[in-house]
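The values are calculated or read from the model by the stated rules, or taken from the named source; none is laboratory data. The model shown is predicted, which means the values in this text are computed figures rather than measured ones. Every residue, glycine as well, gets a Cβ built from its backbone with ideal geometry; the counts of neighbours run over all protein chains shown. The accessibility values were calculated without ligands, DNA or RNA, using every heavy atom of the protein model including side chains. Shrake-Rupley method; radii C 1.70, N 1.55, O 1.52, S 1.80 Å.
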Amino acid sequence: MSFLYPAVLWGLCAVSIPIIVHLFHFQKLRKTYFSNVALLREITYKEQRRSRLKQWIILILRILIIIGLVLAFAQPYSKKRTYNIPQTGLHYVSLFVDNSFSMQTSDDGEILLEQAKTLATHLVKQYKPSDKFHILTQDFSSDYQRFVSQEEAIAHISELQMCPFSYRLSDILQRQTRMFTDILDNFHTLHYISDFQKNTMDDVPETFVTDSLCRSFFHWIGGTQNDNLTIDSIVMDAPVVEVNTTATVRVSVTNHSAQSIEKVAIRLWIGQQQVAFSSVDIRSNETKLVDIPFRLTSTGVIQGFAELTDYPVQFDDRFYFTLQAVSKIPVLLVFDDKINPYIEKLFARNTSIELHSTQLKSLDYARLKTTSLVVLDHLHNLPTGLQYELQNAMNEGAHALLLPSQKLDLANINLFLQAVSGLQLDSLSNTPTTLSEGLFADKLFRNTFQKIPKNVELPTIFKHYPIRMDAHSKAVPILKNKDLSVFLCRTPHGKGALYLLSVPIDSSYSNFQDQPLFVVSLLNMALQNSLQNQMQTFISANETAEVTLNTVDLVGINERLIISSEADKTFEVIPNIRRQGRTVLLSTFGTIRQAGNYALSAQNTYLSGISYNYDRKESNLTCLSQTELRRWLKEHNVSMATVLLSKTDGSLNAQPESPLAQSTLWQFLIGFCLLCLLAEIALLRFWK
């Protein structure tokens, strides 16, 4: 608190006037002679107390009136909080400017990033030219990992642009405090300028300490725009499509706002051509899937994007995708003595399936890694080599279906099952049973049936091998018998899965092969695995990308993979690669900063496509308020930290307001004096 005219405060000495009058009560007494004092009425002690109380209240009111008038004429005003920068010695300053995509929002027509840059420049100018500055942004660029002069710091700030990366608060504070590790006897200050998005507020690192030599300031820049529409993901509805037929992509749209929005237009582009259009009504804070059909004119790698129109935050309005549309799904049938006619007819007659049948003794193990579904039918035992290669294939994404044999070597099969899935097959049970009702809840049957009949005909089991799960098994029952024993189960293994059926496909064991459920189950095992392998959409530009190369020989191209931009033909990146079978892990270490469709090639040979999209965690614009930020710092034991609002803290404004323009307290003081005066008048008039 400061005063525009502090000399007027000497007027507070006038408070002594009513005090003196009250204490000495100067009043000239007049003598009156009475012949008999007995005629005077007795004054009670109670009336004396009331009179004294009245006089004390009047005294207090008169004192308050004088104090109020003096303070009003002195013109008090609230002094802005400032930080007294030491004028001697070298001062080190670390200043973080949030340039993530959430800073695209506006407040009073000005982009938050521009406000942050203006504030950062003003902060730097408050220090001495000889002080040293560390400018940190969401880029975490190596160019800024050093202290620079005041002039260089201002130049760095002026060059700041939006950044596609977003780090948590703990990561940023750790970077800042690390810069002060070798600074022991000098003053150092930490400034953090941000909108403080809730999804970035995780924790405070242990290295973050503030003391008499180190001060921290959290500058809150909050926008009024929290509404945002975003496209989160795209998947292809079916893995197998034919040329010149209609395919469907499923677009996930989220409304991050408090209001419902009608008729949101979504446009689908393949290559450079818009091929489809749809609209959707979406409620507040709702995520909705929108199916968009389009005509497919080719198979193989399909690249495109879906987009909508939304302001002012636009980085998440477009989602790029790469889809691997295949014409046929490879299925490998391995048998021991003779081929199973039920399985052969099922897959051979389906135009979406490419069936390859082989005897176990003629099996080429390399084919396991290029197959979506491996069916092991009527194998008496599994050779050690097959067990090893099968596990490798499942690790890389293949699915396997194990159908027991009539002449089963239980010890051999159980050794494999125990290693892969924690399952065991017990001895053959001749107790008849049927499948339990209430089926089809598993994801294997998802989107298969539009409506399930109430009295559906279920398979009858004449005899079966009971499936036993140990306590640590990750197996998921898919179909169960009425006696609650497992008929069909799935165990995840690596990126693939192992399916196990309790009966051979043989009419002496069950009539499962004669039911529609047999067709649906086996086809979905192949189709769903193919669907997972087709998706090649990579959500973040700074994450490791995975690419599945099914048909390309990777031998000899370890250091020759190149990622090139479809939009900018001059842009090329040589990524760091790690191979896991047919899966290639690509790391670009943040060198790809622009969302879009890219091509992966080796020795001038096109291999696949990759789509990079901006991270969607910036899409939710909900931020901490000033009160919430102060509470958060207190809860995380951040001491000696100051939360400042860039618009009202005069020490941070480029043009702070004058005290006269800020001062309105004198008006309240005059009003207070008038109330006290009215109270005194009422007291003298009505309190007799």
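Which of (1) modelled with pLDDT under 90; (2) farther than 30 Å from Lys617 by Cβ is the odd one out, the single condition Gln303 does not satisfy?
(2)
Of the numbered conditions (1) within 25 Å of Gly89 (Cα to Cα); (2) modelled with pLDDT of 85 or more, Asp195 satisfies every one except a single condition; which is it?
Against the list (1) within 25 Å of Gly89 (Cα to Cα); (2) modelled with pLDDT of 85 or more, Asp195 comes up short only on (1).
Somewhere in region 265-278, is a residue more than 20 Å from Asn613 (Cβ to Cβ) and part of a loop (DSSP other than H, G, I, E, B)?
Looking for residues that are more than 20 Å from Asn613 (Cβ to Cβ) and part of a loop (DSSP other than H, G, I, E, B), one finds none in region 265-278, hence no.
If I filter region 405-426 for residues that are under 24 Å from Pro516 (Cβ atoms), aliphatic (A, V, I, L, M) and open to solvent by 20 Å² or more (accessible area, probe 1.4 Å), do I get at least one hit? Give the steps one after another, and end with the answer.
Our first condition is that a residue be under 24 Å from Pro516 (Cβ atoms); within region 405-426, this holds for none.
Looking through region 405-426, none of the residues is under 24 Å from Pro516 (Cβ atoms), aliphatic (A, V, I, L, M) and open to solvent by 20 Å² or more (accessible area, probe 1.4 Å).
Does any residue of region 321-342 turn out to be assigned to a helix (DSSP H, G or I) and open to solvent by 20 Å² or more (accessible area, probe 1.4 Å)? Please lay out each step first, then the result.
Of all residues in region 321-342, those assigned to a helix (DSSP H, G or I) come to 341-342.
Still in the running and open to solvent by 20 Å² or more (accessible area, probe 1.4 Å): 341-342.
The answer is yes; a qualifying residue exists.
Every residue in region 509-534 that is open to solvent by 10 Å² or more (accessible area, probe 1.4 Å), touching a Leu at 6+ places or on another chain (Cβ under 8 Å) and at pLDDT 75 or above, please.
Result: Gln515, Leu517, Val519, Leu523, Asn524.
Cβ contacts < 8 Å: first residue open to solvent by 40 Å² or more (accessible area, probe 1.4 Å), restricted to region 55-76; second residue assigned to a helix (DSSP H, G or I) and charged (D, E, K, R), any location; separation 6+ or different chain. Result?
Filtered contacts from region 55-76: Arg62/Glu680.
All but one of (1) modelled with pLDDT of 60 or more; (2) over 22 Å from Ala120 (Cβ atoms) hold for Thr642, so report the exception by its number.
(2)
Conditions (1) closer than 24 Å to Ala679 by Cβ; (2) touching a helix residue (DSSP H, G or I) at 6+ places or on another chain (Cβ under 6 Å); (3) among the basic types (Lys, Arg); (4) modelled with pLDDT of 65 or more, marked per residue:
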residue	(1), (2), (3), (4)
Met1	no, no, no, yes
Ala7	no, no, no, yes
His22	yes, yes, no, yes
Ser35	no, no, no, no
Ala38	no, no, no, no
Glu47	yes, no, no, no
Arg50	yes, no, yes, yes
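Exactly one condition in (1) open to solvent by less than 60 Å² (accessible area, probe 1.4 Å); (2) closer than 20 Å to Gln594 by Cα; (3) without any contact (Cβ under 8 Å) to a residue 40 or more places away in the chain is not met by Ser284; state its number.
Going through (1) open to solvent by less than 60 Å² (accessible area, probe 1.4 Å); (2) closer than 20 Å to Gln594 by Cα; (3) without any contact (Cβ under 8 Å) to a residue 40 or more places away in the chain one by one, Ser284 breaks only (2).
For region 116-164, what are the residues that are open to solvent by less than 50 Å² (accessible area, probe 1.4 Å), modelled with pLDDT under 90 and of a type in the set (Gly, Ala, Ser)?
Ser141
How many residues are out of contact with any Pro (no Cβ under 9 Å at 6 or more places or on another chain), open to solvent by 60 Å² or more (accessible area, probe 1.4 Å) and at pLDDT below 85 if we restrict to region 238-264?
As a first pass, look at region 238-264 and keep what is out of contact with any Pro (no Cβ under 9 Å at 6 or more places or on another chain): 238-245, 250-264.
Filter again for open to solvent by 60 Å² or more (accessible area, probe 1.4 Å), leaving 242-244, 258-260, 262-263.
Of the ones still in play, those that are also at pLDDT below 85 are 242-244.
Number of matching residues: 3.
Go through region 363-395 and count every residue that is farther than 19 Å from Phe347 by Cβ, in a loop (DSSP other than H, G, I, E, B) and open to solvent by 30 Å² or more (accessible area, probe 1.4 Å).
Residues that pass the stated criteria total 3.
Restricting to region 459-497, name every residue that is in a strand (DSSP E or B), touching a residue at least 60 places away in the same chain (Cβ under 8 Å) and out of contact with any Pro (no Cβ under 8 Å at 6 or more places or on another chain).
Applying the first criterion (in a strand (DSSP E or B)) to region 459-497 yields 460-461, 464, 467-469, 476-481, 486-493, 496-497.
Checking the rest, the ones that are also touching a residue at least 60 places away in the same chain (Cβ under 8 Å) come to 489, 491, 493, 496-497.
Result: Thr491, His493, Gly496, Ala497.
For a quick check of your reading of the model, give me the residue pairs whose first member lies in region 382-399 and is modelled with pLDDT of 90 or more, whose second is part of a helix (DSSP H, G or I) and not β-branched (Val, Ile, Thr), with beta-carbon atoms closer than 6 Å and at least 6 apart or on different chains.
Leu382/Phe416; Gln387/Phe416; Glu389/Tyr365; Glu389/Leu368; His399/Met525; His399/Asn529
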